[in-house]
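Each remark here refers to the structure printed beneath this line.
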Amino acid sequence: MAKYIELTASNFEETLNEGVSLVDFWAPWCGPCRMIAPVIEELAADFDGKAKICKVNTDEEQDISVKFGIRSIPTIMFFKDGKMVDQIVGAQSKAALAEKINALLA
């Protein structure tokens, strides 16, 4: 089963510069973040080889969080070829997230 990619300052740009990516900004203490964690893992399996499913721990990667103006978590951003094209704040259903990814892949 495919696993999501943990993003850090060292691999962030390189990972997202090509193709479609979902990035979940989260923290271990965040209840809604923990609630959608299984959904993120399922999406990583569902889109293996088609889109990158990634997570950024906002406690550990504060520079990335500041760069993207993350004020609420979970914040889920969608990237296409390195550019942020959409974002959602708050827990979302798997169907809603999959729909956004599929629209970017089309």
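As a length-normalised measure over Cα pairs under 8 Å and 6 or more apart, the relative contact order of the chain settles at 38 percent. Sequentially through the stretch 19-32, phi angles give Karplus couplings (6.51, -1.76, 1.60; θ = phi - 60°) of x, 9, 9, 10, 10, 9, 8, 9, 8, x, 7, 8, x, x Hz, Gly and Pro residues having no value and appearing as x. Loop-located GluC sites (Glu not before Pro) in the stretch 1-75 (DSSP state other than H, G, I, E, B) with a sparse environment of at most 16 neighbouring Cβ atoms within 10 Å: GLU18, GLU60.
Carbon and sulfur: what percent of the chain's accessible surface (1.4 Å probe)? Of the solvent-accessible surface of the chain, carbon and sulfur hold 51 percent.
Considering only LYS94, LYS80, LYS52, the Gaussian network model of the chain with Cα springs below 10 Å gives its largest mean-square fluctuation to LYS94. By the Cβ distance rule (another cysteine Cβ under 4.7 Å), the unpaired cysteines of the chain are CYS54. For the chain, the per residue solvent-accessible surface stands at 54 Å², with DNA, RNA and ligands left out and a 1.4 Å probe. Ranking MET84, MET77 by solvent-accessible area of protein heavy atoms (1.4 Å probe, all protein chains present), from largest to smallest, gives MET84, MET77. Counting only Cβ charges, +1 for Lys and Arg and -1 for Asp and Glu, the dipole size of the chain around its Cα centre is about 300 debye.
The values are calculated or read from the model by the stated rules, or taken from the named source; none is laboratory data. No experiment lies behind these values; they were computed from the predicted model shown. Heads up, the Cβs are rebuilt from the backbone with ideal geometry, glycines too, and the neighbour counts pull from every protein chain shown. Ligands, DNA and RNA are excluded from the accessible area calculation, which covers all protein heavy atoms including side chains. Shrake-Rupley method; radii C 1.70, N 1.55, O 1.52, S 1.80 Å.
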